[in-house]
């Protein structure tokens, strides 16, 4: 994965495949250290990870009655040659010993990038193999030492979102205020209660900013009612839309100012897959509403989807004649 394609945030797993030449004899690898380095203002910062590392292995026949099929084993950090607790036991994925049959073969670390001293930027991670006695390998004994390092883009920063006053045909509403619309009719909702239906266009002005330019998607939706009432999706702005992020600007998108508008409900089926009558579409129920701007960034932990943040404002939409 190129660092420009997706930044890494939160907690991510690190796997390493050590060559067969370091798996036996006098050169057998028994331990390792994980070094990280980055540059701030022209100054290089170098240190070692010291987070706990545990791996899951298959239980032995003797252990299984007590532990079940698997055992979690603590692999560090332990004191190294310099007495600093930055050394880990290497879980050899090719080991044939009965109590060293690892479930996650090749796993050498679960890194919480939020514990790094910097919130965002390029970070180089290097695995330093150590022998069984924790001594370092002589220079030249490792083929392609450059393969022991890789660089990732770390981003654990939160986007900035500003939501303006929510606007309707008869004015605007700040948080916790009332917004007037025209009465259309009344109807019996799914909860069995009578509700007023209102008409009018509602607008939500907002701006989103990400200094690291890692935005992926912005969406605005309104929530109301009970579990049977589906959210009203007002707008989706995506990185994949070339009118929003031209090809010449990629992979960077720092945000902008937008306005989401809606005339009300647009779903043609409810949460139970039942059809919604056309007379209920493009209407607002008189109710308290939560308007949310949801921001997804192109930041992953290497396994799951992109990180997201929600920013909300609450108002009440009511009949202007009451």
Inset, instruction - May I ask you to verify whether residue 108 is assigned by TED's automatic domain parsing to the domain that holds residue 58, at pLDDT 95 or above and part of a strand (DSSP E or B)? - result: no
Legend entry - Flag for residue 172 being part of a loop (DSSP other than H, G, I, E, B) and either modelled with pLDDT of 95 or more or out of contact with any strand residue (DSSP E or B) (no Cβ under 6 Å at 6 or more places or on another chain) (or both): no
Inset, instruction - Could you name every one of the strands (runs of 3 or more DSSP E) located completely within the stretch 1-104 that has at least 2 residues being within 26 Å of the chain's Cα centre (by Cα)? - result: 11-15, 29-40, 43-48, 54-58
Legend entry - Exclusive hit being under 30 Å from residue 152 (Cα atoms), in the same structural domain as residue 233 (by TED's automatic domain parsing) and either more than 32 Å from the chain's Cα centre (by Cα) or assigned to a loop (DSSP other than H, G, I, E, B) (or both), set 305, 256: 305
Inset, instruction - Could you tell me which residue of the stretch 239-270 is nearest to residue 291 (Cα to Cα), considering only residues that are crowded, with 16+ Cβ neighbours inside 10 Å and without any contact (Cβ under 8 Å) to a residue 40 or more places away in the chain? - result: 265
Legend entry - First in the stretch 188-206 and free of Cβ contacts under 8 Å to residues at least 60 places away in the same chain, second anywhere and exposed (fewer than 15 other Cβ atoms within 10 Å of the Cβ) and in a loop (DSSP other than H, G, I, E, B), Cβ under 8 Å, 6 or more apart: 191/226; 191/228
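Residues checked against (1) at positive phi; (2) without any contact (Cβ under 8 Å) to a residue 40 or more places away in the chain; (3) surrounded by 15 or more Cβ atoms within 10 Å (Cβ to Cβ); (4) assigned by TED's automatic domain parsing to the domain that holds residue 178:
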| site | (1), (2), (3), (4) |
| --- | --- |
| 123 | no, no, yes, no |
| 140 | yes, yes, no, no |
| 147 | no, yes, no, no |
| 165 | no, no, yes, yes |
Inset, instruction - Keeping to the stretch 272-322, report how many residues are at negative phi and loosely packed, with under 13 Cβ neighbours inside 10 Å. - result: 12
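Report whether or not residue 225 is part of a loop (DSSP other than H, G, I, E, B), modelled with pLDDT of 95 or more and more than 30 Å from residue 11 (Cβ to Cβ). Even if it seems obvious, please write down each step before you answer.
On the way: part of a loop (DSSP other than H, G, I, E, B): yes; modelled with pLDDT of 95 or more: no; more than 30 Å from residue 11 (Cβ to Cβ): yes.
No, not satisfied.
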Inset, instruction - Say whether the condition of being touching a helix residue (DSSP H, G or I) at 6+ places or on another chain (Cβ under 9 Å) and either surrounded by fewer than 17 Cβ atoms within 10 Å (Cβ to Cβ) or without any contact (Cβ under 8 Å) to a residue 60 or more places away in the chain (or both) is met by at least one residue in the stretch 217-230. - result: no
Legend entry - the stretch 7-29 residues that are under 14 Å from residue 105 (Cβ atoms), paired with ones that are exposed (fewer than 12 other Cβ atoms within 10 Å of the Cβ) and at pLDDT below 90 (beta carbon under 9 Å, 6 or more apart): 13/303
Inset, instruction - Could you grab me the full set of residues in the stretch 270-302 that are at pLDDT below 90, within 26 Å of residue 181 (Cβ to Cβ) and not in a loop (DSSP other than H, G, I, E, B)? - result: 275, 278, 279, 280
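The values are calculated or read from the model by the stated rules, or taken from the named source; none is laboratory data. Just so it is clear, the model here is predicted, and its values are computed rather than measured. Cβ: placed from backbone, ideal geometry, glycine included. Neighbour counts: every protein chain shown.
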